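Student: Take this structure, written in structure tokens, and hold onto it; I'll ask about it next.
A short reminder: the numbers here are calculations on the coordinates, not readings from a lab. Fair warning: this is a prediction, and the values are worked out from it, not measured in the lab. Virtual Cβ from ideal backbone geometry, glycine too; neighbours counted across all protein chains shown.
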Amino acid sequence: MNKIGVQLYTLRDLMKDAFVPTLEKVAKIGYEGVEFAGYGDMPIKALRDVVVDLGLTPVSSHVSLNELQNRLSGVIEEASVLQLEYVFCPYLPEELRRSKSDYQQLAEFFNRVGESFAEVDIRFGYHNHAFEFLTFDNTFALDYLYEHTQKEYVKAELDLYWIAYAHQDPSEYIRRYAGRCPVVHLKDMTADDERFFAEVGHGTLNWPGILSAAEESDVQWYIVEQDVCRNNPLESIQMSFEFLTQLRSQ
């Protein structure tokens, strides 16, 4: 059965001053795993021990392209100590995503990075937004990137909100990359013209269809991420968790 985790970026404001207490609250809600967006000021080994003692799985981490380019060996060492399953690049600077050539160079770099992670049994991948849905020769940049990377070295962490925001079908994208998207990001979208971030199950996305596609496509982890919360972030992730656990049990 797919497991439910949370991207800690959602709780970034709380974690600035209360890193471990916020992790404790995540565990109390019932989340099974966490995806990091930075490690606070804690030594990596101590952070690993805290997470495991709370009964949480350290699933993955978001690591910037700059870190991957300039500090790859250190990133790999940290991920190894944390015993992460995955590391994902979460974003591309605008100046590096303007042309097909940019994405070709990125694909070549990602292949090398993914091969380096594979040497320590960690899988590497890329997390999309909506800007990858510009086209080159009638192909979306996101698909171009995955077509030009090796699936054993570069996984897809599909962010389903951003796929929907780009007027594409999240379920179709999950099926398109079946076996290559072990982790998906879940957040919902408001029904108004703003199409803002919403708690999972409290917006317009078709969650029964999405979860069905995920189960068929070997998705292992549902990671709740809400870029901006209009409620208290802990209340927001609890709302998403309660909806997902109810839907998952049906």
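Student: Considering segment 230-250 alone, what residues qualify as being within 17 Å of the chain's Cα centre (by Cα) and not polar (S, T, N, Q)?
Tutor: 237, 241, 244
Student: Let me ask something else about it. Can you tell me which residue in segment 126-144 is farthest from residue 90 (Cα to Cα), limited to those that are in contact with an Asp or Glu (Cβ under 7 Å, 6 or more places away or on another chain) and not in a loop (DSSP other than H, G, I, E, B)?
Tutor: 140
Student: Please give the number of the condition residue 4 fails out of (1) closer than 27 Å to residue 151 by Cβ; (2) in contact with a Gly (Cβ under 9 Å, 6 or more places away or on another chain); (3) exposed (fewer than 15 other Cβ atoms within 10 Å of the Cβ).
Tutor: Among (1) closer than 27 Å to residue 151 by Cβ; (2) in contact with a Gly (Cβ under 9 Å, 6 or more places away or on another chain); (3) exposed (fewer than 15 other Cβ atoms within 10 Å of the Cβ), residue 4 violates only (3).
Student: Residue 24 - would you say it is acidic (Asp, Glu) and part of a helix (DSSP H, G or I)?
Tutor: Taking the combined requirement at face value, the residue satisfies it.
Student: I would also like to ask the following. Determine which member of the set 120, 113 is more than 19 Å from the chain's Cα centre (by Cα) and either farther than 23 Å from residue 169 by Cα or of a type in the set (Val, Ile, Thr) (or both).
Tutor: Of 120, 113, the one residue that is more than 19 Å from the chain's Cα centre (by Cα) and either farther than 23 Å from residue 169 by Cα or of a type in the set (Val, Ile, Thr) (or both) is 120.
Student: Check 235, 242 and return the single one that is without any contact (Cβ under 8 Å) to a residue 60 or more places away in the chain, in contact with a Cys (Cβ under 9 Å, 6 or more places away or on another chain) and under 23 Å from residue 8 (Cβ atoms).
Tutor: From the options 235, 242, the qualifying one is 235.
Student: Show me the helices (runs of 4 or more DSSP H) found entirely inside segment 153-250 where at least 3 residues are of a type outside the set (Phe, Trp, Tyr), buried (at least 23 other Cβ atoms within 10 Å of the Cβ) and in contact with a strand residue (DSSP E or B) (Cβ under 9 Å, 6 or more places away or on another chain).
Tutor: 233-248
Student: Step by step: first the residues of segment 148-171, then only those that are touching a residue at least 40 places away in the same chain (Cβ under 8 Å) and of a type in the set (D, E, K, R), then the one that is farthest from residue 113 (Cα to Cα). Which residue is that?
Tutor: Ranking the qualifying residues of segment 148-171, first place goes to 159.
Student: For segment 3-12, indicate whether the set of residues that are part of a strand (DSSP E or B) and over 13 Å from the mean Cα position of the chain (by Cα) is non-empty.
Tutor: Taking every residue of segment 3-12 in turn, at least one turns out to be part of a strand (DSSP E or B) and over 13 Å from the mean Cα position of the chain (by Cα).
Quick grid of which residues meet (1) touching a strand residue (DSSP E or B) at 6+ places or on another chain (Cβ under 7 Å); (2) within 25 Å of residue 244 (Cβ to Cβ); (3) among the hydrophobic types (A, V, I, L, M, F, W, C):
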site	(1), (2), (3)
30	no, yes, no
36	yes, yes, yes
41	no, no, no
45	no, no, no
48	yes, no, no
56	yes, yes, yes
59	yes, yes, yes
72	no, no, yes
77	no, no, no
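Student: If you go through segment 133-152, how many residues are surrounded by 20 or more Cβ atoms within 10 Å (Cβ to Cβ) and of a type outside the set (Phe, Trp, Tyr)?
Tutor: Of the residues in segment 133-152, 4 are surrounded by 20 or more Cβ atoms within 10 Å (Cβ to Cβ) and of a type outside the set (Phe, Trp, Tyr).
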